[in-house]
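Trainee: So that we are looking at the same thing, I have put the structure below in structure tokens.
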Amino acid sequence: MGAIKGKNIVVGVCGGIAAYKTASLVRLFVKAGADVQVIMTPSAKEFITPLTMSTLSRHAVITEFFTANTGEWHSHVDLGLWADAFVVAPATACTIGKMVTGVADNMLVTSYMSTRGKVFVAPAMDLDMMSHPATQQNISVLKDRGVTVIEPREGELASALIGKGRMEEPEGIFEAVERFFSIDKDLDGKKMLITVGPTYEKIDPVRFIGNYSTGKMGCCLADEAVERGAEVTLVAGPMTALPKNDGIKIVKVESAIEMLAACESVWKDCDAAIMAAAVADYRPENCALEKIKREENGIQEIKLVKNPDIAATLGHTKNKGQLLCGFALETNNEREHGTMKLKRKNLDMIVVNSLQDEGAGFGVDTNIVTIIHSDGREIKYPKKSKREVAKDVIDELFECKK
Ligand code: CTP
């Protein structure tokens, strides 16, 4: 709660049925000690009354450029400068479009364009509008500009259709804003490389050797690092997981060889690297140029050759002060294998987890890890969410060479 106290927050409300939930959001901000100014678009007033919002926010709601009966002028510039955060909830397709193109025909958009503080957008709309290329493209432009888009949820929509488009609950929006204010930017100025996901090693144009890695742990690491101010390059194997934050440079690769090349091109400028990818140890010696056919004897055997060890390559070219962290997912003798890898790859730290532990490994949202430092220090952690594990890993990595 502490992080919100004393902050100036503009809540921009657009005309959508989710506007009724924004009343609870305003209440949450006020209860947490924020000074809240609500701006409503003209159509938002059709969904919820300004009286509700002004009572909850303890300030008269602004909907027009000036108050008709007194002629009082509302300065969007002053509001923009005042706001530490500008939260648009619900954000309709129309307002998102206006924010992107600068159609400043109401107080909400003019104030947004004058805001120097952090901007959050919580979209809410029908599922077809949400998935429409126009909306998706606009959302991606906002993200590129540093706006945090709080993704809508899947569920039953006002149209009775079921799909993605329900505004995130007020508690979720509150948490996103609170997280922004509470994060210590202790990695400001640090450049980090993180590898993530599996690698695919081609057998022929339609087949590969891969593994079950989903990339969740690596994405959590990237999110944690970037939120703490680091500049992150995520070298990602083929996977569906994506980090939540914008501003992470993602380099997509497929094979271990490609992953190595991408890592080597950035490593020398990095302060630290975390190797969270599940790299295939071997690849087929040859990739068939055409699909291998069953009738022509098919695949009887595949000759494999060793892939480069990316972590070890970085470890053995490490400069003084560069930090290198590896992961080891083991099925047995975790500690012993982890320590051997730490030495062999010249790592500063290794994060060991076991496939035998329930709640650790591929696909799950939790992990149970032990961190081993190169000086022998060892810390065992209980089961935590992958995001919490990411925090522990980064805390330990940067602390270990302080
Ligand atoms: N790693 C890597 N390149 C490889 C293999 C592994 O960068 N070719 C990294 C992983 O990202 C991880 C660490 O090395 O951070 C340990 O990976 P793991 O697969 O457990 O180690 P291996 O050396 O491949 O050992 P083994 O498969 O025999 O357990």
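The values are calculated or read from the model by the stated rules, or taken from the named source; none is laboratory data. Values in this document were obtained by computation on a predicted structure and should not be read as measured data. Backbone-built Cβ (ideal geometry, glycine too); neighbour counts: all protein chains shown.
Trainee: For segment 334-366, which positions are within 18 Å of Ser213 (Cβ to Cβ) and at pLDDT below 85?
Mentor: Ser354, Leu355, Gln356, Asp357, Gly359, Ala360, Gly361, Phe362, Gly363, Val364, Asp365, Thr366
Trainee: Six or more apart or on different chains, Cβ under 9 Å: which pairs go from a residue in segment 7-26 that's assigned to a loop (DSSP other than H, G, I, E, B) to one that's of a type in the set (Ser, Thr, Tyr) and surrounded by fewer than 20 Cβ atoms within 10 Å (Cβ to Cβ)? Could you list them?
Mentor: Note: pairs meeting the criteria are Cys14/Ser43; Gly15/Ser43; Gly16/Ser43.
Trainee: Report every pair of residues separated by at least 6 positions or lying on different chains whose Cβ atoms are under 9 Å apart, first residue within segment 311-331 and under 22 Å from Asp395 (Cβ atoms) and near the ligand (Cβ under 9 Å from one of its atoms), second part of a strand (DSSP E or B) and hydroxyl-bearing (Ser, Thr, Tyr).
Mentor: Ala311/Thr195; Leu329/Ser354
Trainee: Exactly one condition in (1) closer than 20 Å to Val38 by Cα; (2) part of a helix (DSSP H, G or I) is false for Val141; which is it?
Mentor: (1)
Trainee: Please determine, by comparing only the residues of segment 152-168 that are surrounded by fewer than 21 Cβ atoms within 10 Å (Cβ to Cβ) and under 16 Å from Lys244 (Cβ atoms), which one is nearest to the chain's Cα centre (by Cα).
Mentor: Among residues in segment 152-168 that are surrounded by fewer than 21 Cβ atoms within 10 Å (Cβ to Cβ) and under 16 Å from Lys244 (Cβ atoms), the one nearest to the chain's Cα centre (by Cα) is Arg153.
Trainee: Also, quick follow-up: Given Val369, Val351, Val389, Val364, which one is under 27 Å from the mean Cα position of the chain (by Cα) and within 24 Å of Leu260 (Cα to Cα)?
Mentor: It is Val351.
Trainee: Does Thr331 fit the bill of being surrounded by fewer than 19 Cβ atoms within 10 Å (Cβ to Cβ), more than 23 Å from the chain's Cα centre (by Cα) and modelled with pLDDT of 95 or more?
Mentor: no
Trainee: Looking at (1) within 16 Å of the ligand (Cβ to nearest atom); (2) touching a residue at least 40 places away in the same chain (Cβ under 8 Å), can you tell me which one Ile302 breaks?
Mentor: (1)
Trainee: Pick from segment 258-294 the residues that are assigned to a helix (DSSP H, G or I), more than 10 Å from the ligand (Cβ to nearest atom) and within 24 Å of Tyr212 (Cβ to Cβ): which of them is farthest from the chain's Cα centre (by Cα)?
Mentor: This residue is Glu258.
Trainee: Can I ask one more? Hey, can you tell me all the residues within segment 119-151 that are surrounded by fewer than 18 Cβ atoms within 10 Å (Cβ to Cβ) and touching a residue at least 40 places away in the same chain (Cβ under 8 Å)?
Mentor: Once the filter is applied, which keeps residues that are surrounded by fewer than 18 Cβ atoms within 10 Å (Cβ to Cβ) and touching a residue at least 40 places away in the same chain (Cβ under 8 Å), segment 119-151 yields Ala134, Val141, Lys143, Asp144, Gly146.
Trainee: Taking the condition crowded, with 22+ Cβ neighbours inside 10 Å and away from the ligand (no atom under 16 Å from the Cβ), does Pro205 pass?
Mentor: Considered against the rule, which asks whether it is crowded, with 22+ Cβ neighbours inside 10 Å and away from the ligand (no atom under 16 Å from the Cβ), Pro205 comes out as no.
Trainee: Something else about it: Specify which of the listed residues (Val369, Val351) is in contact (Cβ under 8 Å) with a residue 40 or more places away in the chain, β-branched (Val, Ile, Thr) and buried (at least 20 other Cβ atoms within 10 Å of the Cβ).
Mentor: Of the residues listed, the single one that is in contact (Cβ under 8 Å) with a residue 40 or more places away in the chain, β-branched (Val, Ile, Thr) and buried (at least 20 other Cβ atoms within 10 Å of the Cβ) is Val351.
Trainee: Can you pull out the residues in segment 169-187 that are under 17 Å from the mean Cα position of the chain (by Cα) and charged (D, E, K, R)?
Mentor: The answer is Glu175, Glu178, Arg179, Asp184, Lys185.
Trainee: If Met340 satisfies all but one of (1) surrounded by 13 or more Cβ atoms within 10 Å (Cβ to Cβ); (2) in contact (Cβ under 8 Å) with a residue 12 or more places away in the chain; (3) more than 23 Å from Val235 (Cβ to Cβ); (4) over 30 Å from the mean Cα position of the chain (by Cα), what's the number of the condition it fails?
Mentor: The failed condition is (2).
Residues are listed down the side, and each one gets a yes or a no for (1) closer than 20 Å to Asp184 by Cα; (2) of a type in the set (D, E, K, R):
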position	(1), (2)
Arg228	yes, yes
Asn245	yes, no
Ala262	no, no
Ser265	no, no
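Trainee: If you don't mind, another one. Please pick out the residue among Ser24, Ser54 that is closer than 24 Å to Gly6 by Cα, modelled with pLDDT of 95 or more and in contact with a helix residue (DSSP H, G or I) (Cβ under 6 Å, 6 or more places away or on another chain).
Mentor: Only one candidate qualifies: Ser24.
Trainee: Among (1) surrounded by fewer than 18 Cβ atoms within 10 Å (Cβ to Cβ); (2) touching a helix residue (DSSP H, G or I) at 6+ places or on another chain (Cβ under 6 Å), which single condition is Thr49 missing?
Mentor: (2)
Trainee: Further, regarding this structure: Could you check segment 38-64 and list, in sequence order, the residues that are part of a helix (DSSP H, G or I) and among the basic types (Lys, Arg)?
Mentor: Result: Lys45, single match.
Trainee: Within the group Glu171, Glu156, which residue is modelled with pLDDT of 95 or more and of a type in the set (Asp, Glu)?
Mentor: Exactly one of Glu171, Glu156 is modelled with pLDDT of 95 or more and of a type in the set (Asp, Glu), namely Glu171.
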